[in-house]
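Data first, discussion second: the structure below is written as structure tokens.
The values are calculated or read from the model by the stated rules, or taken from the named source; none is laboratory data. Model, not experiment: these values are computed from the prediction. Reconstructed Cβ throughout: ideal geometry from the backbone, glycine too, with neighbour counts over all protein chains shown. Each accessible area value is taken on the protein alone, full model and side chains, heavy atoms only, with ligands, DNA and RNA left out. Shrake-Rupley method; radii C 1.70, N 1.55, O 1.52, S 1.80 Å.
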Amino acid sequence: GNLAKEINDALVNSKYLIVVCSPRAAKSEWVCKEVQTFIDLGRTEQIIPFIIGGTPHSTMREEECFPSSLLNLPKEQELLAININEMGHDAATIKVVAQMFGIKFDTLWQRYEQEKKRKQRLQLFVAVLITTISVGLGLLFKSQKNEMQENFEDMQIMQSRMVAEKAKGVNGDATRLALFLCAMPQNYNNPDRPRTHETTTALANFLDTTRLERVFPHCDCVFSAVVSPDDKRILTTMCKD
């Protein structure tokens, strides 16, 4: 039968016909008719065979990729096909474009290669820029984090000093000891807050005083003593004049 009107109108209004050639296409009646219509329009030279599989003019029928309308062309009208399997996707595509626009393949390929290198350089520049920005932001965040940590530690030091000073005037040994301990690190191997000299000294003095009061409960003349760990033996004492 005749080609559908839409297909026929499209062929009439087309300057070029790119025929995607493969063994499957070669067996298609419609492909053969479309190619023959273009030939009948006197546009044989504007047909571009684009091979994606098979072999043109093959001795094995199952390998033939040209439709019969191309195979039946006179020898002087035989068309040079573009084989994607031989040239590669990019080169084959460039060759189709070069043929359609009447440009030498080498000229267009050089432009394509230059554009490809330009894009690669642009991609490399963008990658380096993104990496640089990421590193810069990382350093900035790290610097801010370190600064915040230093400020936080300074605040803890001031807090510990204030607690140690206030604890001196608090009544009740248990309350005073609790305040001292709050201002000290919970774990010296992995401290959760800085250890200050003021707090350590105040706590040591409190413990010494408490111990003296326990050993010498009714004596206010002893201000320093060295006793045994079990508080049962007095080693040395220092008394007021």
Is there any pair linking a residue in the range 35-57 that is without any contact (Cβ under 8 Å) to a residue 40 or more places away in the chain and at positive phi to one that is surrounded by 18 or more Cβ atoms within 10 Å (Cβ to Cβ) and among the charged types (D, E, K, R), with Cβ under 8 Å and at least six apart or on different chains, and which? GLY54/GLU64; HIS57/GLU64
Counting only residues that are surrounded by fewer than 17 Cβ atoms within 10 Å (Cβ to Cβ) and in contact with a Gly (Cβ under 9 Å, 6 or more places away or on another chain), how many does the range 49-93 have? 3
Here are some residues: VAL128, VAL97. Which one is in a helix (DSSP H, G or I), over 22 Å from LYS15 (Cα atoms) and either open to solvent by 80 Å² or more (accessible area, probe 1.4 Å) or not acidic (Asp, Glu) (or both)? VAL128
Among PHE50, PHE66, which is the only one that is in a loop (DSSP other than H, G, I, E, B), closer than 25 Å to SER28 by Cα and modelled with pLDDT of 90 or more? PHE66
If I filter the range 110-125 for residues that are in contact with a helix residue (DSSP H, G or I) (Cβ under 8 Å, 6 or more places away or on another chain), open to solvent by 60 Å² or more (accessible area, probe 1.4 Å) and part of a helix (DSSP H, G or I), do I get at least one hit? yes
Within the range 14-34, restricting to residues that are in a helix (DSSP H, G or I) and among the aliphatic types (A, V, I, L, M), the one that is surrounded by the most Cβ atoms within 10 Å (Cβ to Cβ) is ALA26
